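The values are calculated or read from the model by the stated rules, or taken from the named source; none is laboratory data. Computed from a predicted structure; not experimentally measured. Neighbour counts run over all protein chains shown; Cβ positions are idealised from the backbone, glycine included.
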Amino acid sequence: MKFGVFLPNGSNGYIISNAVTPYLPTYQHNLEITVEAEKQGLDFVLSMMKFKGFGGDTGYWDACLESFTLMAGLAANTQSIGIIPTVTLLSQHPAYVARMIATLDDMSGGRCGLNIVTGWNKPEYTQMGLWRGDEYYERRYEYAAEYLQILQELWRTGECTHKSEFFDLEECSCLPTPGRDIPIVSAGMSPKGVEFVAQHAHQNFVMAHPEKLKDISDSVKAKGAAIGREVGTYALFNIITAETDEKAKEIGDDIIQRADMGAIGNIINSAAMDSNEGGTSDHLQEAMKQDLEVGNMAFMGFPTIYGSYETVSAKIDEIAEETGVDGMLFSWADFVGGIRDFGEKIKPRLACL
């Protein structure tokens, strides 16, 4: 079982609520988080990427540190923890991303992976003139498959010729190569997304309540095994700990009650444009009415594991056993303190380790 941190490189991390004081992302904060995660024996950190936030009273994600630059700084100041930046495919050419990852992998001594985001939030890309038309909603996994094919050929051989509707590369060079297979993470919740992960990625990145999580995890494993690939799942959770279960629930319920409905409304409006049935956008729209444990939109739809340290440890073990996931990715309201508590008060109790 691997444990990771979903870094708060966007404004306010992953809580959309006036119950938490809004904050801007900084390199120093993300460095402190990563250093503490490495100290506590966590396995990796992953940063997201957003080019346009969702406003509201809290200015949710209006500011965002660029993922590759941030991870380069973190790689240079750590020794063992895995480093996973995010590429939003419409924003950067695969030949450029291949070179950045080769550089990051060298800087980190072979600790770099890559999170692939196909891109559902149309306003992010229309503002830069990069949106490929609304038909992209239906064809984005086709685009992603070619994109990843180019990346992997450049990493494997240092050269790629590829001509298609989407890309035109003629003896394109990328040296030096990483010299190893780069682990690929991608969020696949919809049937199309699960199929893409099974065929092309190493880990599925999923935010779903354990009951749904098991189905997604089993499906991606089975689809991967059918074509001779070993594919796993990283499950995303928010964690709230307190001295008692009741106190932890109070904290979570207060965050929900004071949700920033302006920012949440903007997220839902953007998500509603996506026609990919059963995917992230559907999950976000459903999260408007979900409770704390299942995943309310005040927590960006992330399911929340809450309770005393003993209770949270037991819940993590239960999720690991019942769903078959091989990793979990966590967020907290207070990242540094939360990671310290996880390492000192939760991790020693875990049977799944």
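Looking at this structure, is PHE335 at negative phi and modelled with pLDDT of 95 or more? Working first, answer last.
On the way: at negative phi: yes; modelled with pLDDT of 95 or more: yes.
Taking the combined requirement at face value, the residue satisfies it.
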Would you please name the residue that is nearest to LEU130 (Cα to Cα), looking only at residues in region 69-94 that are buried (at least 20 other Cβ atoms within 10 Å of the Cβ) and free of Cβ contacts under 8 Å to residues at least 40 places away in the same chain? THR88
Give region 315-331 a look and list any residue that's among the small types (Gly, Ala, Ser) and closer than 19 Å to LYS221 by Cβ, or say none. ALA320, GLY324, GLY327
Does LEU148 fit the bill of being touching a strand residue (DSSP E or B) at 6+ places or on another chain (Cβ under 9 Å), of a type outside the set (Phe, Trp, Tyr) and in a helix (DSSP H, G or I)? yes
Kindly check whether there is at least one residue in region 220-235 that is under 27 Å from TYR136 (Cα atoms) and modelled with pLDDT under 90. no
State all residues of region 113-124 that are farther than 22 Å from MET71 by Cβ and either assigned to a helix (DSSP H, G or I) or more than 21 Å from the chain's Cα centre (by Cα) (or both); if no residue qualifies, say none. LYS122, PRO123
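Take the conditions over 20 Å from the mean Cα position of the chain (by Cα) and closer than 30 Å to ALA271 by Cβ and apply them to GLU159. Does it pass?
Values: over 20 Å from the mean Cα position of the chain (by Cα): yes; closer than 30 Å to ALA271 by Cβ: no.
No; evaluated as a whole, the condition is false for this residue.
Answer yes or no as to whether VAL97 is touching a residue at least 12 places away in the same chain (Cβ under 8 Å), assigned to a strand (DSSP E or B) and buried (at least 21 other Cβ atoms within 10 Å of the Cβ). So that I can check it myself, show each step before the final result.
Values: touching a residue at least 12 places away in the same chain (Cβ under 8 Å): yes; assigned to a strand (DSSP E or B): no; buried (at least 21 other Cβ atoms within 10 Å of the Cβ): yes.
Considered against the rule, which asks whether it is touching a residue at least 12 places away in the same chain (Cβ under 8 Å), assigned to a strand (DSSP E or B) and buried (at least 21 other Cβ atoms within 10 Å of the Cβ), VAL97 comes out as no.
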Any pair with Cβ under 7 angstrom, 6 or more apart, that starts in region 255-271 at a residue that is crowded, with 17+ Cβ neighbours inside 10 Å and ends at one that is β-branched (Val, Ile, Thr): ILE255/ILE15; ILE255/VAL20; ALA259/ILE16; ASP260/ILE16; ASP260/THR58; ALA263/ILE16; ALA263/THR58; ILE264/ILE16
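Step by step: first the residues of region 321-338, then only those that are within 17 Å of ALA235 (Cα to Cα) and touching an Asp or Glu at 6+ places or on another chain (Cβ under 9 Å), then the one that is surrounded by the fewest Cβ atoms within 10 Å (Cβ to Cβ). Which residue is that? If you could, list the steps in order and put the result at the bottom.
Step one: of region 321-338, the residues within 17 Å of ALA235 (Cα to Cα) are 321-332.
Subset that is touching an Asp or Glu at 6+ places or on another chain (Cβ under 9 Å): 322-324, 327, 332.
On the way: GLU322: 12, THR323: 23, GLY324: 14, GLY327: 19, TRP332: 22.
Among those that are within 17 Å of ALA235 (Cα to Cα) and touching an Asp or Glu at 6+ places or on another chain (Cβ under 9 Å), it is GLU322.
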Looking only at region 170-212, count how many residues are within 23 Å of the chain's Cα centre (by Cα), among the β-branched types (Val, Ile, Thr) and part of a loop (DSSP other than H, G, I, E, B). 1
Restricting to region 100-150, name every residue that is acidic (Asp, Glu), touching a Phe, Trp or Tyr at 6+ places or on another chain (Cβ under 7 Å) and buried (at least 21 other Cβ atoms within 10 Å of the Cβ). none
Residues of region 131-145 being part of a helix (DSSP H, G or I), touching a residue at least 40 places away in the same chain (Cβ under 8 Å) and among the charged types (D, E, K, R), which ones? GLU138, ARG140
Would region 68-77 turn up any residue that is in a loop (DSSP other than H, G, I, E, B), in contact with a Ser or Thr (Cβ under 8 Å, 6 or more places away or on another chain) and farther than 30 Å from LEU350 by Cα? no
Just the residues that are buried (at least 16 other Cβ atoms within 10 Å of the Cβ), assigned to a helix (DSSP H, G or I) and free of Cβ contacts under 8 Å to residues at least 60 places away in the same chain, please, taken from region 151-169. LEU151, GLN152, GLU153, TRP155
Hey, any hits in region 164-179 for a residue that's more than 26 Å from PHE51 (Cβ to Cβ) and modelled with pLDDT under 95? yes
Taking region 287-313 on its own, how many of its residues are in a helix (DSSP H, G or I) and touching a residue at least 24 places away in the same chain (Cβ under 8 Å)? 9
